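Everything on this sheet refers to the single structure shown next.
The values are calculated or read from the model by the stated rules, or taken from the named source; none is laboratory data. Keep in mind that what you see is a predicted model, and the values were worked out from it rather than measured. So basically every Cβ, Gly included, is an ideal-geometry build from the backbone, and we count neighbours across all protein chains shown.
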Amino acid sequence: MTDFRILIVEDEEAIAKMIQMNLRVAGYKTDIYMDGLKAAEHIKEDSRYDLALLDVMVPGMDGFELLEVLKPYKIPVIFLTAKDDIESKIHGLKGGAEDYIVKPFEILELMVRIEKVLERNKKQSEIIKILDLEINNAEHTVRKAGVEVNLKPKEFELLSVLAKNRNRAISREKLLSMVWGYEFEGETRTVDVHIGQLRKKLNLSENIKTISKMGYRLED
């Protein structure tokens, strides 16, 4: 588990629970509030959050109003909302939100955006620990049981993406876009080759699972 705490303010229980489940799998601690006013009252008692995910249209106090409550506590905000009109987006972003995501959204996209916001606000740890690995994103180094293992740049980036999304299946196409970039024109076989190298160099054959007709998942 990490020490990162994320506040979820969402009045659709199914969406809130889905987000919470995925955040917990990734190691984040979460609290859910389905009413903006109750969330605001809670913040006055406990403001130790690293990020808030706010729906705009919640009862009690809407997301835009709640954003103003969070500002003095310097809690970064990502809006998750069905309001896709340009006026609402401008209102949210000019109001101080870090990001504005329109529903429906892919959970992996949300996880990546959360990571980026935490990085921008210097909250994301530069070191990821999983299994017997220590992945240092600042130094671009990997240690296994304390011993440094030499990885090629793309092998390192691929491992980092898998580790940040531990226990979550990621398609080959998504891995291509996240590691090699959207302009990369290679075949998904490139991912398979690099996965093979990671399994061999780090003895991760049992932990990097192949998901049939989909992609890969790093399990801890």
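What the table shows:
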quantity: Pair list, Cβ under 7 Å, 6 or more apart: region 49-66 residue within 16 Å of V117 (Cβ to Cβ), other residue of a type in the set (F, W, Y) and assigned to a loop (DSSP other than H, G, I, E, B); calculated: D50/F4
quantity: Any hit, region 139-158, residues being touching a residue at least 12 places away in the same chain (Cβ under 8 Å), closer than 22 Å to L51 by Cα and either under 13 Å from the mean Cα position of the chain (by Cα) or surrounded by 15 or more Cβ atoms within 10 Å (Cβ to Cβ) (or both); calculated: no
quantity: Search result, residues across region 72-91 that are of a type in the set (D, E, K, R) and surrounded by 12 or more Cβ atoms within 10 Å (Cβ to Cβ); calculated: K83, K89
quantity: The listed residue being hydrophobic (A, V, I, L, M, F, W, C) and surrounded by fewer than 20 Cβ atoms within 10 Å (Cβ to Cβ), out of A16, A52, A40; calculated: A40
quantity: Condition broken by T188, with the remaining ones in (1) among the hydroxyl-bearing types (S, T, Y); (2) over 28 Å from L80 (Cβ atoms); (3) out of contact with any helix residue (DSSP H, G or I) (no Cβ under 9 Å at 6 or more places or on another chain) satisfied; calculated: (3)
quantity: Selection from region 88-126 of residues that are of a type in the set (K, R), part of a helix (DSSP H, G or I) and modelled with pLDDT under 90; calculated: K116, R120
quantity: Near pairs, Cβ below 7 angstrom, 6+ apart or cross-chain, from region 67-87 (touching a residue at least 60 places away in the same chain (Cβ under 8 Å)) to any residue that is of a type in the set (K, R) and surrounded by fewer than 12 Cβ atoms within 10 Å (Cβ to Cβ); calculated: none
quantity: Pairs, first assigned by TED's automatic domain parsing to the domain that holds K152 in region 201-213, second acidic (D, E) and part of a helix (DSSP H, G or I), C-beta under 9 Å, six or more apart; calculated: K201/E155; T210/D192
quantity: Any helices (runs of 4 or more DSSP H) falling wholly within region 128-220 and containing at least 2 residues that are aliphatic (A, V, I, L, M) and either at pLDDT 90 or above or in contact with a strand residue (DSSP E or B) (Cβ under 8 Å, 6 or more places away or on another chain) (or both); calculated: 153-164, 189-202
quantity: Options M21, M1, M34: the member that is at pLDDT 95 or above and out of contact with any Ser or Thr (no Cβ under 6 Å at 6 or more places or on another chain); calculated: M34
quantity: Yes/no for L66 being surrounded by 15 or more Cβ atoms within 10 Å (Cβ to Cβ) and under 28 Å from N167 (Cβ atoms); calculated: no
quantity: Hits in region 92-128 (condition: surrounded by fewer than 18 Cβ atoms within 10 Å (Cβ to Cβ), more than 15 Å from the chain's Cα centre (by Cα) and farther than 20 Å from R5 by Cβ); calculated: L93, K94, G95, V102, K103, P104
